[in-house]
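Participant: First, the structure itself, so that you have it in front of you.
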């Protein structure tokens, strides 16, 4: 007889936990106790919920579990960056990256196993799509890294396209920002997208978190060569949608721009970026490319990046060159999980 599959409590909203409590015949006030144990005290097991009666803990444990799981692997960089590998309940692998920088401690979170979008420069895209992460699997990354108590910022820029897993993303964001959950300010959370417009609109309407757009070329024909999403959702239409929203106060929009030598780092690219972004209160992050296997693209040199930054800044667009972090620990997103996936495949043959 196979063991009963238990439902994780992590990833449940307070209303859902109230429903569970009522269905199990437990007192209504235990719902608040359970959410407090999960999200504030961050316990691993129902047994640790000591202000619930033994009987109620036993009833709850018959069908539910907390849903916490520690990383299965850790890689530490000389610059302090740490990449964690988590094994999902169905035996797949996702990556989470901790990035310390003076008083800022950022966690880069994954939203999917693999990715459908198949961007040329992305190792996760080479894996293809396996599954969406549940809200529990998303939140477990944040709860279960050793640096959980130090975190000041979250970026959903790990494996997968967050907007392609919108229901679980929104559920996780609700719990992260709710008083009963983590009570994080939305201003400490940034969600990245390559521009899935219909779902991006829902995200903008239902959250106050920051948004980052993966741009990588201002020209349609070039962007299409490296990002198939340009065909259904052209960058011009993404920008037109953004201009309908206010980014001048509590919420920020930024543009991620990986600089590829001889591909998107010329003067004409800088000029077109200024033209396209006119009227949008935003910032641009220029990013060095971390090489991945079987892709001929190379990163731009420092002089080109500095010129590009200075040109955009002089034309009113706040632009920074992002520090290159963790290059000695398979920094490119998807590298570590791909290696682990290949290793597991070999071991099972």
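Participant: Does at least one position in the range 257-279 carry a residue that is modelled with pLDDT under 95, under 24 Å from the mean Cα position of the chain (by Cα) and over 25 Å from residue 124 (Cα atoms)? Walk me through how you get there before you give the answer.
Facilitator: The first filter runs over the range 257-279 and keeps only residues modelled with pLDDT under 95, leaving 278-279.
Filter once more, so that each one left must be under 24 Å from the mean Cα position of the chain (by Cα): none.
There is no residue in the range 257-279 that is modelled with pLDDT under 95, under 24 Å from the mean Cα position of the chain (by Cα) and over 25 Å from residue 124 (Cα atoms).
Participant: Determine if the range 122-131 includes at least one residue that is part of a helix (DSSP H, G or I) and within 19 Å of residue 254 (Cα to Cα).
Facilitator: Step one: list which residues in the range 122-131 are part of a helix (DSSP H, G or I), which gives 123-127.
Going one step further and asking which of them are within 19 Å of residue 254 (Cα to Cα), we end up with none.
No, the range 122-131 contains no residue that is part of a helix (DSSP H, G or I) and within 19 Å of residue 254 (Cα to Cα).
Participant: Further question: Of everything in the range 63-107, what is closer than 20 Å to residue 190 by Cα, surrounded by fewer than 19 Cβ atoms within 10 Å (Cβ to Cβ) and in contact with a helix residue (DSSP H, G or I) (Cβ under 6 Å, 6 or more places away or on another chain)? Give them in sequence order. Give the derivation first.
Facilitator: Of the range 63-107, the ones closer than 20 Å to residue 190 by Cα are 81-84, 94-107.
Of the ones still in play, those that are also surrounded by fewer than 19 Cβ atoms within 10 Å (Cβ to Cβ) are 100-105.
Of everything in the range 63-107, just one residue is closer than 20 Å to residue 190 by Cα, surrounded by fewer than 19 Cβ atoms within 10 Å (Cβ to Cβ) and in contact with a helix residue (DSSP H, G or I) (Cβ under 6 Å, 6 or more places away or on another chain), namely 105.
Participant: Of these, 140, 165, which one is assigned by TED's automatic domain parsing to the domain that holds residue 204, buried (at least 19 other Cβ atoms within 10 Å of the Cβ), out of contact with any helix residue (DSSP H, G or I) (no Cβ under 8 Å at 6 or more places or on another chain) and under 22 Å from residue 241 (Cβ atoms)?
Facilitator: Values: 140 fails: under 22 Å from residue 241 (Cβ atoms).
The unique qualifying residue is 165.
Participant: Next question, about the same structure. Given the conditions (1) touching a residue at least 24 places away in the same chain (Cβ under 8 Å); (2) more than 30 Å from residue 192 (Cβ to Cβ); (3) out of contact with any strand residue (DSSP E or B) (no Cβ under 6 Å at 6 or more places or on another chain), and given that residue 64 satisfies all but one, which numbered condition is not satisfied?
Facilitator: For residue 64, the exception is condition (3).
Participant: Step by step: first the residues of the range 253-283, then only those that are touching a helix residue (DSSP H, G or I) at 6+ places or on another chain (Cβ under 8 Å) and in a loop (DSSP other than H, G, I, E, B), then the one that is surrounded by the fewest Cβ atoms within 10 Å (Cβ to Cβ). Which residue is that?
Facilitator: 261
Participant: Please go through the range 143-162 and pick out each residue that is buried (at least 17 other Cβ atoms within 10 Å of the Cβ) and either in the same structural domain as residue 43 (by TED's automatic domain parsing) or assigned to a loop (DSSP other than H, G, I, E, B) (or both). Walk me through it before giving the result.
Facilitator: Applying the first criterion (buried (at least 17 other Cβ atoms within 10 Å of the Cβ)) to the range 143-162 yields 143-145, 151, 153-162.
Within the range 143-162, 145, 151, 157, 158, 159, 160, 161 qualify.
Participant: Can you find even one residue in the range 15-27 that is part of a loop (DSSP other than H, G, I, E, B) and either crowded, with 17+ Cβ neighbours inside 10 Å or under 33 Å from the mean Cα position of the chain (by Cα) (or both)?
Facilitator: Initially, the range 15-27 is screened for residues part of a loop (DSSP other than H, G, I, E, B), giving 24-27.
Filter once more, so that each one left must be either crowded, with 17+ Cβ neighbours inside 10 Å or under 33 Å from the mean Cα position of the chain (by Cα) (or both): 26.
Looking for residues that are part of a loop (DSSP other than H, G, I, E, B) and either crowded, with 17+ Cβ neighbours inside 10 Å or under 33 Å from the mean Cα position of the chain (by Cα) (or both), one finds at least one in the range 15-27, hence yes.
Participant: Kindly indicate whether any position in the range 174-189 is surrounded by 18 or more Cβ atoms within 10 Å (Cβ to Cβ), closer than 23 Å to residue 277 by Cα, in contact (Cβ under 8 Å) with a residue 12 or more places away in the chain and under 14 Å from the mean Cα position of the chain (by Cα).
Facilitator: Checked the range 174-189: at least one residue is surrounded by 18 or more Cβ atoms within 10 Å (Cβ to Cβ), closer than 23 Å to residue 277 by Cα, in contact (Cβ under 8 Å) with a residue 12 or more places away in the chain and under 14 Å from the mean Cα position of the chain (by Cα).
The values are calculated or read from the model by the stated rules, or taken from the named source; none is laboratory data. Treat the numbers as computed from the prediction; the structure is a model and nothing was measured. As a convention, Cβ positions derive from the backbone with ideal geometry for all residues, glycine included, and neighbour counts pool all protein chains shown.
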